[in-house]
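Only one structure is covered here, and it is reproduced in the block below.
Just so it is clear, none of the values below were taken in a lab; they were calculated from the coordinates. Being a predicted model, the structure only gives us computed values, none of them experimental. Note that each Cβ is placed from the backbone with ideal geometry, even for glycine, and that neighbours are counted across all protein chains shown.
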Amino acid sequence: MRVYLFIAAIAGGATFLLTPLIRHLAIQIGAVGKVRARDVHTIPTPRMGGLAMMLGFAVAMLFASHIPFVSGLFQNNHQAWVVLAGAVAICLLGMADDLWDLDWMLKMAGQLLIAVFVAWGGLQIISLPIGSLFAASPTLSIAITAFLIVVSINAVNFVDGLDGLASGIVAIGGIAFAIYSYIIARSSPSYASMATLIDVAMVGICVGFILHNWHPAKLFMGDSGSMLLGYLITCASIIMTGRLDPASIHTSIYLPVFMPILLPVLVLFLPVLDMCMAIVRRLRKGQSPMHPDRMHLHHRMLKIGHSVQGAVLILWGWAALISFGSIMILFFPARFVAIGFAMAVVLLTVATMYPYLKHRIPELRAENARLEAARRAAAAGGPKASDGDGDGASAGVGTGDKAGVSD
């Protein structure tokens, strides 16, 4: 465990130190995001922070390759280098988008090519738990792997709308999954795990970048960062879950993963949910799935009254609940986990809706007070109508009619 913490510290420290240099480079080459109608920030801010994150990840992986505890992971196969090559490629594609705003179809084509390259290089899901475990054909394995990578890349890209949001959500999912993969690795002759190694390095670069990206951000990660994070967390999940054999792992450990094809959705539940909602919303309007708008989850949080920091912290809370909820059954009985999960849902729901309720409850009270005053006025006006006063009678009838309508 200490080795993994050391690798995470190296990744975080390298990213933290390199980010100011990348920020200066971004300004020099013009990678500065213009303020768009859907943006939350109000001043042009440099992006391309993903380059610092990719360099931090590369430094951590190179250090790890010389650490005795995990060096065997680099010697026995070339999987680590395939992941690193894919990280460099996806980051370069994101940098191109940060600089020139690539067409979404061109960008997705690049994502798909990189995903296929990585899958062809050996990073594949080779078995699927559908009914019973069965061996998938090489073509199907590559197709499923590439699909998962592309979906996760775009899911993180969709949710990257507030300072620190995407990196925080990915870091939380990475911590939860690193714990799980570490537990799985303890059942093997060697505790070393490539999935855990990638996860801890990814968590490190997220933390190192958040220190510069917290609101108000000095630098945005841009597509070079969001695409990189979606790629890395999916690679880690594929490396571990794509090769799990339920016969060799106790059911109580295997079940929390559910199935390999759903694991990226679990650890990236909020980004995937946001992406699915956006696609459905845009298609219903006859728009492109990539058409920008201000209806993402983070936009809705701001609309109901949260500050940027508050919205980010609450969305982090939801991400932590979903990510850690799946691994808690490794340590506690399922009924206790369910009770704790339900309590956390209630607390987070209250926190999420509090700004809306804070403003809405006084409005409802004022509205009820007006209705009560109208009823009292109607009740007071009724007897006057029977006094034989024509004006009073007509007023009473009018008030009664209005009261009846409002009821």
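Determine by what factor the alpha-carbon radius of gyration of segment 2-331 differs from 2.2 N^0.38 Å, reporting the quotient.
Compared with the compact-globule rule of thumb, segment 2-331 sits at 0.95.
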To the nearest 20 Debye, how big is the dipole of segment 2-331 about its Cα centre, given +1 on the beta carbon of each Lys and Arg and -1 on that of each Asp and Glu? 520
Cα centroid distance between segment 65-122 and segment 335-372, in Å? 44
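On a full-extension model of 0.36 nm per residue, what is the gain between Leu140 and Asp293, subtracting their alpha-carbon distance, rounded to one decimal in nm?
On the way: separation 153, 0.36 × 153 = 55.08 nm, distance 3.48 nm.
Taking Leu140 through Asp293 to full extension adds about 51.6 nm, to one decimal.
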Which of the three applies to segment 40-96, rounded, prolate or oblate, going by the alpha-carbon gyration tensor with a ≥ b ≥ c and a/c under 1.5 meaning rounded? prolate
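Using the Cα gyration tensor of segment 56-163, with a ≥ b ≥ c the square roots of its eigenvalues, what is the shape: rounded (a/c below 1.5), prolate (a/b larger than b/c) or oblate (neither)? Intermediate results must be reported in sequence, preceding the final value.
Numbers: a/c = 2.01, a/b = 1.13, b/c = 1.79.
Because a/c hits 1.5 or more and a/b fails to exceed b/c, segment 56-163 counts as oblate.
How much length is gained if the chain between Val116 and Arg360 is pulled fully straight, taking 0.36 nm per residue apart and subtracting their Cα-Cα distance, in nm to one decimal? Kindly include the intermediate steps, with their values, before the conclusion.
Numbers: separation 244, 0.36 × 244 = 87.84 nm, distance 5.05 nm.
Once the chain is fully extended between Val116 and Arg360, it gains 82.8 nm.
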